[in-house]
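Taking it in order: structure first as structure tokens, then the write-up.
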Amino acid sequence: MDFESLSADLRSLQARALKEIAEVSDPASLEALQIQYLGKKGDLTAVLRGIGALPAEDRPRVGAVANEVGEAVKGALAVRGAELHAQVQALRLASEKVDVTLPGRPVGRGTLHPIPETIAAITEVFGQFGFVVYEGPEVEDDLTNFQMLNMPPDHPARDLWDTLYVDIPGHLLRTHTSPGQMRVMQTTRPPIRALLPGRCFRYEAVDASHGFEFFQVEGLMVDEGTSMADLKGLLDEFAHALFGPRKTRFRPGYYPFTEPSVAFDVECVVCGGVGCPACSKSGWMTILGAGMVHPVVLQYGGIDPERYQGFAFGMGVERIANLRHAVPDLRYYLENDLRFLDQFR
């Protein structure tokens, strides 16, 4: 190995490096070329290993050529690196370019969940008849939830409610909104027109038509001379307001806190009374239970049953919402699936 051949190798390495650097198209490949030619184990280092075999007077000359080659490669890498950086920046700016003259994207408007929306629709109808909305606690005591509603501890009607008790002795998660009647009667003198929406809890298996957590709306009217005819007329107007003109009827029912008790049916909103699977081919759908307030309940509320009479009614909000919107499964209301909720915009 002599000076001439080693210099020729260095110039050849320079030419090859400059050509590859000029053709590289991305920063990662450029970094790989820098390591290939200028790294500790790179091509330039490999050529310079031959310096030791040269005469002493030729070594400085080869070193000068090696420095020149190294500076040329470094310069080419820097120039090409700046070019690639500029290209990357230009592409990024082009991709992020915003036309400020374009109209803004429309902002989607929210909407009420179908349960509070249905409660609002119910309260709007009864509000036109002078009913005022009251609220009661979700954790009730046994006295108010059962005993004052004519269900003492040994009453068989308690079996109708699968009760969830809490750690506080004598307290439970309310099984219905009916105990709100007692709180209204104990704090308000007749005439009373009260509406009590709220969440209730029962220990039930969850399926398409049952849930352990659900909503009810309770209504109470107490005044002198209140009758079943008043109740029927009010519920007729309510049914017509929510479901349009259709037939309604009372059927005998049973609730320990009303006497007499009735179930209130409307003509099937699906088939119009002809008979279909939705109404079990009966042509009727039950939307609520109602009746005249039991005298014992009035007495617990501090109201003289000899002077005043009252009626009460209670409805499941999910059932009303199902009929209004043709929803087949009440579990949809609690799943927070936007595909379902967006339909109510």
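The values are calculated or read from the model by the stated rules, or taken from the named source; none is laboratory data. Note that the structure is predicted; figures quoted are calculated from it, not measured. Don't worry about glycine lacking a Cβ; one is built from the backbone with ideal geometry, like all the others, and counts go over all protein chains shown.
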With respect to ALA76, is the statement that it is surrounded by 13 or more Cβ atoms within 10 Å (Cβ to Cβ), at pLDDT 80 or above and touching a Leu at 6+ places or on another chain (Cβ under 6 Å) true?
yes
Answer yes or no as to whether PRO245 is surrounded by fewer than 16 Cβ atoms within 10 Å (Cβ to Cβ), without any contact (Cβ under 8 Å) to a residue 24 or more places away in the chain, in the same structural domain as SER178 (by TED's automatic domain parsing) and in a strand (DSSP E or B).
no
Determine whether THR163 is among the hydroxyl-bearing types (Ser, Thr, Tyr) and either over 15 Å from ARG202 (Cβ atoms) or at pLDDT 90 or above (or both).
no
Quick test of your reading of the structure: PRO277 fulfils all but one of (1) modelled with pLDDT of 90 or more; (2) surrounded by fewer than 16 Cβ atoms within 10 Å (Cβ to Cβ); (3) closer than 30 Å to LEU334 by Cα. Name the failing condition by number.
(1)
Output the residues belonging to the range 159-217 that are in contact with a Lys or Arg (Cβ under 8 Å, 6 or more places away or on another chain) and assigned to a loop (DSSP other than H, G, I, E, B).
TRP161, ASP162, THR163, THR175, VAL206, ALA208, GLY211, PHE212
Expected single match for in contact (Cβ under 8 Å) with a residue 24 or more places away in the chain and under 17 Å from THR111 (Cα atoms) among ARG331, ARG339, ARG324, ARG319 is ARG324
Only one of TYR300, TYR333 is among the aromatic types (Phe, Trp, Tyr), closer than 19 Å to GLY198 by Cα and either under 18 Å from the mean Cα position of the chain (by Cα) or surrounded by fewer than 21 Cβ atoms within 10 Å (Cβ to Cβ) (or both); which?
TYR333
Would you say ALA278 is farther than 16 Å from VAL184 by Cα and part of a helix (DSSP H, G or I)?
yes
Looking at THR101 and the list (1) over 30 Å from ASP223 (Cβ atoms); (2) among the hydroxyl-bearing types (Ser, Thr, Tyr); (3) in contact (Cβ under 8 Å) with a residue 24 or more places away in the chain, which single condition is not satisfied?
(3)
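Given the residues PHE201, PHE257, which is the only one that is touching a residue at least 12 places away in the same chain (Cβ under 8 Å), closer than 22 Å to MET151 by Cβ and over 36 Å from the mean Cα position of the chain (by Cα)?
The unique qualifying residue is PHE257.
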